[in-house]
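Have a look at the structure below before the remarks.
The values are calculated or read from the model by the stated rules, or taken from the named source; none is laboratory data. Because the structure is predicted, anything quoted here is derived from the model rather than measured. Note that each Cβ is placed from the backbone with ideal geometry, even for glycine, and that neighbours are counted across all protein chains shown. All accessible areas refer to the heavy atoms of the entire protein, side chains included, with ligands and DNA or RNA removed. Shrake-Rupley method; radii C 1.70, N 1.55, O 1.52, S 1.80 Å.
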Number of protein chains: 2
Amino acid sequence: ELVDACSEVFSKREVAQVLAGKKLLITAGPTREELDPVRYITNHSSGKMGYALAEMAMAAGAQVTLVSGPVNISAPKGVELVRVGSALDMHQAVLSRAQSQDIFVAAAAVADYRPASRVDQKIKKTGDNDDMVIELVRNPDILADVAALANKPFCVGFAAETRDLEHYARGKLKRKKLDMICANLVSIPGQGFNVDTNALDVFWKDGGKSLSLASKQQLAVLLVELIAERMAVARQ
Amino acid sequence: ELVDACSEVFSKREVAQVLAGKKLLITAGPTREELDPVRYITNHSSGKMGYALAEMAMAAGAQVTLVSGPVNISAPKGVELVRVGSALDMHQAVLSRAQSQDIFVAAAAVADYRPASRVDQKIKKTGDNDDMVIELVRNPDILADVAALANKPFCVGFAAETRDLEHYARGKLKRKKLDMICANLVSIPGQGFNVDTNALDVFWKDGGKSLSLASKQQLAVLLVELIAERMAVARQ
């Protein structure tokens, strides 16, 4: 752990001020979609990748706002933290802030669906309901909505896939009109959810770059540099 | 926190050896019912009440086995920890151990239902599925199955309710053939899920006792004493 702490301090020191003066809005963690006061649907996102990115973007000089679902890690010092629960909460928190941002990074694992109705009392088991059906409705697409803004920030998405990585990632890039997408295969051990390491394939309209397995802190430094680089190219 | 730590040490010292020589099996935490490799249904249980009970039962002289769903707290030293994910996993872990136990405490918030089928690939959004339906099937009832064993241990259940506390708790006590049930209203702030305090109404066939708002550690001491007391009466 000491080695980890040292390498983190080292890598933070090494971050060039490539985002100096930029405002960066980032989402992280899972969302919770409540079925009743006790039960909810969620996912395995730990928030680690998003929190590392928030930290490194700040180290690179950005003014960072972090909109976070429920996680068990502390927000980096100096980052403005906005805590949310559901995808609808996160949508509201992001859209009310997105217009004034230079960069938007959607690192949260937002639930695609929410229960069609939330029951105010705990759903009771009775003898006659051995099976049950939950009706779900689609949540708004936070990233697509930000990318559709007139004065939109540079938009970076994430894609956690279990197969056909580039196919799904490029589809999402194009469909949502993103500037960049970071994709990973969550089915491979040591990558993605709830681990400290990750490997990412980053795609943009006319190119891409593979970032091989590394700590999420190290990947965050590389991603911040890549974002600054692609932003500069996009403005030419 | 120092005061908390001191009061914990104090209360552990104060615990009479009322469970000396007894074997106690306890479940704690939520379960996770997987929808696909990324998403799952769970609940707000932190595991704190169950972990406090495991700790205090051990302090009272019991040999403790703790079957725990995913939580963010450490198991008390000296307790045998068995980690599980789903309700089916927990059922298997408990039923394979229950026969040799003197006491079974079901403090876990076990999912009543699980998805009828788990999808091996992440479920993809497509344009034509704005709504979605999840079919759920009933999970086995761990506590009722233990209480139905020929040579059953002294069975203690929990009931987290949002209304009609005694009605639902006594119904559960009778229906599942329990020896004792600990009920709380999770709709009241400071009680139940994800907080450090709780208040419990404990019921048995011909009586009951209210344990007023206190730390989960303090309540655990009182509950351990109550379990020992009711076991002694049951054997007369």
Residues B:I41, B:I26: which one is open to solvent by 10 Å² or more (accessible area, probe 1.4 Å) and of a type outside the set (G, A, S)?
-> B:I41
Take the residues of the range B:174-216 that are β-branched (V, I, T) and assigned to a loop (DSSP other than H, G, I, E, B): which is nearest to the other protein chains (Cβ to nearest Cβ)?
-> B:V186
Restricting attention to the range B:99-112, which residues are open to solvent by 20 Å² or more (accessible area, probe 1.4 Å) and more than 20 Å from B:A54 (Cα to Cα)?
-> B:D112
Exception for B:K48 within (1) modelled with pLDDT of 95 or more; (2) surrounded by 22 or more Cβ atoms within 10 Å (Cβ to Cβ) falls at (1)
Residue check for B:S74: over 19 Å from A:S45 (Cα atoms) and hydroxyl-bearing (S, T, Y) | yes
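Could we say that A:A150 is over 20 Å from A:I26 (Cβ atoms), open to solvent by 20 Å² or more (accessible area, probe 1.4 Å) and of a type in the set (A, V, I, L, M, F, W, C) here?
yes
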One residue from B:S45, B:S86 being in contact (Cβ under 8 Å) with a residue 24 or more places away in the chain, hydroxyl-bearing (S, T, Y) and facing chain A (nearest Cβ under 9 Å) = B:S45
Find all pairs meeting these conditions: Cβ atoms under 9 angstrom apart; at least six residues apart or on different chains; first residue within the range B:131-153 and more than 10 Å from chain A (Cβ to nearest Cβ) and without any contact (Cβ under 8 Å) to a residue 40 or more places away in the chain; second residue polar (S, T, N, Q) and part of a strand (DSSP E or B).
-> B:L143/B:T27
Restricting attention to the range A:188-204, the residues that are open to solvent by 30 Å² or more (accessible area, probe 1.4 Å), in contact (Cβ under 8 Å) with a residue 24 or more places away in the chain and touching a strand residue (DSSP E or B) at 6+ places or on another chain (Cβ under 9 Å) number exactly 3
Evaluate the range B:81-98: report whether one residue or more is on the phi > 0 side of the Ramachandran plot, open to solvent by 20 Å² or more (accessible area, probe 1.4 Å) and not aliphatic (A, V, I, L, M).
-> no
Confirm whether B:G78 is under 26 Å from B:A20 (Cα atoms) and either open to solvent by 50 Å² or more (accessible area, probe 1.4 Å) or of a type outside the set (D, E) (or both).
-> yes
Taking A:G171, is it surrounded by fewer than 15 Cβ atoms within 10 Å (Cβ to Cβ), assigned to a helix (DSSP H, G or I) and of a type in the set (G, A, S)?
-> yes
Quick one: in the range B:155-168, of everything that is in contact with an Asp or Glu (Cβ under 7 Å, 6 or more places away or on another chain) and farther than 14 Å from B:I142 by Cα, which residue is least open to solvent (accessible area, probe 1.4 Å)?
-> B:L165
How many of the residues making up the range B:51-75 are within 14 Å of another protein chain (Cβ to nearest Cβ) and either surrounded by fewer than 24 Cβ atoms within 10 Å (Cβ to Cβ) or touching a helix residue (DSSP H, G or I) at 6+ places or on another chain (Cβ under 6 Å) (or both)?
-> 5
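Taking strands (runs of 3 or more DSSP E) that do not extend beyond the range A:39-126, which have at least 3 residues that are farther than 23 Å from A:A159 by Cβ? It would help to see each step written out before you state the result.
Working: elements: A:39-43, A:63-68, A:80-83, A:103-106, A:113-115.
Answer list for the range A:39-126: A:80-83.
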